[in-house]
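**Student:** Could you have a look at this structure, given as structure tokens, before my questions?
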Amino acid sequence: MVAVAAITARSTLPVQGGELAVSTTPAQNVDRLSWFNAARFGMFIHWGVYSVPAGEWAGKSMPDHGGEWIMEDCKIPVSEYAKFAPQFHPEQFNARAWVHMATNAGMKYIVITSKHHDGFAMWRSDLSEWGIRATPFERDPLKELADECRHAGIRLCFYYSIMDWHHPHWPERRAWNDTASGTPDMERYVAYMKGQLKELLSRYGPIGILWFDGEWEKPWTHAHAVDLHRYVRSLQPDIIINNRIDKVRQGMGGMDKGQGVGDYGTPEQEIPANGFGPGVTWESCMTMNNTWGYRKDDHKWKSTQTLIRNLIDCASTGGNYLLNIGPTAEGLFPDASIVRLEEIGDWMNQNGEAIYDTTASPFKQEITWGRCTQKGDKLFLHVYNWPADGRLLAPLLNQKVKAWLLRTPGRKLKCKDTPEGLVIQLPASAPDKIASVIVVQVTGKILPAAHERGDGTPAQKR
Ligand code: H79
């Protein structure tokens, strides 16, 4: 596998015009995606039998990866890897606690690995013994999560890997798959996938998203994608399907090249610098440390500041942030993740209004002090760098505005029109070290300053 660098700052990738995009024009698609676009923030959970080795195999520890990829990275014979199943006994798993941690952080959906590349089913599938059924854990984690999600009013979504290192009929069979024999048969593999997806989409109530992955290997084709897409929608017509169902993804940037059947783009471990304009739906998935599945020696945790600003960066460029947790084989979130979720929750409690249901910043040019999101006639200015002189310059000209700190709506801030733009007079110190939100309510149409319209200083590329 290719090195996946954890990008903690804004990516400097150039935006590739309108060429890389996921078409969402038909009204039906817009309706289907409306909850997702309003949600802006979700929790990814990578949980599977790989949390038993937790990054270490036969004294070997792989640099940076080797969490959920340990079978492939260490070329572990399937017969050996199978021995992790009896050791997977997450008695401390508490679906209510997990869901509570997600909702408390302000997350509106949870995407959990029902089956990762190792083929291990995290539910009691009738179609394979390779899964929870092979463990001493006599419960169904997906059922418990589905019940708690419904109870808490948050959407449950399933990740499902197309590539399967375990199944004898996935045609790119690994040399270390020592339990498979005979010739792989893709038709039988597809029938197996459909059977498993039918279980996932009929046992747990309405599912928000099917989050496919592992689509890049040769046996998977556009024709398979079209057929599977139709099948999935026949089971749950309103379900959202990510673009990785098809063969269109452009690298880790995650957007489509050409026309695919998926609903939205999936940048991985990076945040697009400028988004992709209105009508294009996307979600950046990122780890909290460097690994998706639990890895006991990965201590490279991002700061809460980075995580919150990543979320703001996504919202201000019109996308969602899907932040990962890798629970242990005991069924616990790592302490470092719990602390960060709580701190994100504190910020979201105060400032969620500036994230949910917002659209991208109307400004083309980079704002040096922070980011901007928009909802109707309101702009939310997320100030990362509080100006030392207390004067915040917003690129708006000659507009009738009212401005206030989000947390003190009763106290209006002084505003002044200048040739450079709108100057908002701020209190001496930042109310929030990570991002302080200022609301600017504009009467009439929002008109960015001249250089923003392209008839003054040319907009800077970033
Ligand atoms: O589940 C997590 C990872 O295990 C899985 N996706 C996230 C959500 C994943 N991580 N890294 N990879 C998959 C590496 C895949 C890299 C590549 Fe490619 C496959 C490089 C070339 C083929 C990505 C897909 C870039 C081009 C196609």
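**Student:** In vacuo Debye scattering of segment 136-206, one point per C-alpha: log10 I(q)/I(0) at q = 0.12, 0.16 Å⁻¹?
**Tutor:** The Cα Debye sum returns log10 ratios of -0.47, -0.72.
**Student:** Given the peptides 380-388, 181-189, arrange them by the average over their residues of other C-beta atoms within 10 Å, most packed first. Working shown, then result.
**Tutor:** Numbers: 380-388: 19.1, 181-189: 11.9.
Final packing ranking: 380-388, 181-189.
**Student:** Let me ask another. Excluding W130 itself, what net charge comes from residues whose Cβ is under 10 Å from its Cβ, given Lys and Arg +1 and Asp and Glu -1?
**Tutor:** On the way: positive: K115, R133; negative: D118, E129, D164.
Counting the neighbours of W130, the net charge comes to -1.
**Student:** With a cut-off of 8 Å between alpha carbons and a minimum separation of six or more residues, what is the relative contact order of the chain in percent?
**Tutor:** Numbers: 980 pairs, mean separation 82.2, N = 462.
Result for the chain is 18 percent.
**Student:** So if I place +1 on the C-beta of Lys and Arg and -1 on the C-beta of Asp and Glu, and nothing else carries charge, what would the dipole magnitude of segment 154-279 be about its Cα centre? I want it in debye, nearest 20.
**Tutor:** With Lys and Arg at +1 and Asp and Glu at -1, about 220 debye.
**Student:** For segment 317-371 and segment 287-303, compute the distance between their C-alpha centroids and round to whole Å.
**Tutor:** For segment 317-371 versus segment 287-303, the Cα centre distance is 17 Å.
**Student:** Grab the other residues whose beta carbon is less than 9 angstrom from that of C314, score K and R as +1, D and E as -1, and report the net. Write out the running numbers ahead of the final one.
**Tutor:** Values: positive: R40; negative: E283, D313.
The answer is -1.
**Student:** Picking from T306, G260, S51, whose Cα lies most toward the positive end of the charge dipole for the chain (charges on Cβ: Lys, Arg +1; Asp, Glu -1)?
**Tutor:** Comparing the listed Cα positions along the dipole, T306 ranks first.
**Student:** Could you name the aspartates and glutamates in cross-link range of K300, using Cα to Cα under 14 Å and dropping any fewer than eight places away on the same chain?
**Tutor:** Filter leaves D64, D335.
**Student:** What ranking do 291-299, 315-323, 416-424, 254-262 get when scored by the average of other Cβ atoms within 10 Å per residue, highest first?
**Tutor:** Values: 291-299: 21.9, 315-323: 24.9, 416-424: 15.2, 254-262: 19.6.
Ranking, from highest mean packing down: 315-323, 291-299, 254-262, 416-424.
**Student:** Let me ask you something else. May I ask for the percentage of alpha-carbon pairs in the chain that lie more than 45 Å from each other? Mind dumping the intermediate values first?
**Tutor:** Numbers: 14934 of 106491 pairs.
Of all Cα-Cα distances in the chain, 14 percent exceed 45 Å.
**Student:** What is the dipole size for the chain, taken about its Cα centre, with +1 at each Lys and Arg Cβ and -1 at each Asp and Glu Cβ, in debye to the nearest 20? Let's see the in-between values first.
**Tutor:** Values: 51 positive and 52 negative charges, 322 e Å.
Its charge dipole is roughly 1540 debye.
**Student:** Considering the options H222, I271, L200, tell which one lies farthest towards the positive end of the dipole of the chain, charges being +1 on Lys and Arg and -1 on Asp and Glu at the Cβ, about the Cα centre.
**Tutor:** Farthest towards the positive pole: I271.
**Student:** Hey, which of these cross-link pairs are over 23 Å Cα-Cα: K83/K302; K108/K247; K108/K302? Don't jump to the answer; show the numbers that get you there.
**Tutor:** Values: K83/K302 33 Å; K108/K247 28 Å; K108/K302 21 Å.
Among K83/K302; K108/K247; K108/K302, the Cα-Cα distance tops 23 Å for K83/K302; K108/K247.
**Student:** Enter the accessible area per residue of segment 104-180 (Å², integer; probe 1.4 Å; all protein chains in place).
**Tutor:** Values: 2620 Å² over 77 residues.
Here the per-residue accessible area is 34 Å².
**Student:** To continue, here is another question. Would you calculate a helix-derived [θ] at 222 nm for the chain, using -39,500 (n - 2.57) for each DSSP H run of n ≥ 4 and dividing by the full residue count, to the nearest 500?
**Tutor:** Details: 11 runs with 108 residues, N = 462.
When only DSSP H runs of four or more count, the value is -7000 deg cm²/dmol.
**Student:** Dipole size in debye (nearest 20) for segment 370-453 around its Cα centre, Lys and Arg Cβ +1, Asp and Glu Cβ -1?
**Tutor:** Once rounded to the nearest 20, the dipole reads 300 debye.
**Student:** Rounded to a whole number, what % of the accessible area of the chain do carbon and sulfur atoms account for, probe 1.4 Å?
**Tutor:** Carbon-and-sulfur percentage of accessible area, whole number: 51.
**Student:** I would also like to ask the following. If R0 is 22 Å, what FRET efficiency do you get for S429 and T368 from their C-beta distance, rounded to 0.05? Don't skip to the end; give the middle numbers.
**Tutor:** Numbers: r = 19 Å, r/R0 = 0.86.
Calculated value: 0.70.
**Student:** Something else about it: If the cut-off is 18 Å between C-alpha atoms, which lysines fall inside it for K400, apart from same-chain ones fewer than 8 positions away?
**Tutor:** Within reach: K375, K378, K412, K414, K416, K445.
**Student:** Further, regarding this structure: When you count, for each residue, the other Cβ atoms within 10 Å and take the mean per peptide, how do 108-120, 326-338 rank with the highest first?
**Tutor:** Values: 108-120: 25.5, 326-338: 18.8.
Ranked by mean Cβ neighbours within 10 Å, highest first: 108-120, 326-338.
The values are calculated or read from the model by the stated rules, or taken from the named source; none is laboratory data. For clarity, every value in this text was computed on a predicted model and none was experimentally measured. Neighbour counts run over all protein chains shown; Cβ positions are idealised from the backbone, glycine included. Ligands, DNA and RNA are stripped out before the accessible areas are found, and what is left, the full protein with its side chains, is counted by its heavy atoms. Shrake-Rupley method; radii C 1.70, N 1.55, O 1.52, S 1.80 Å.
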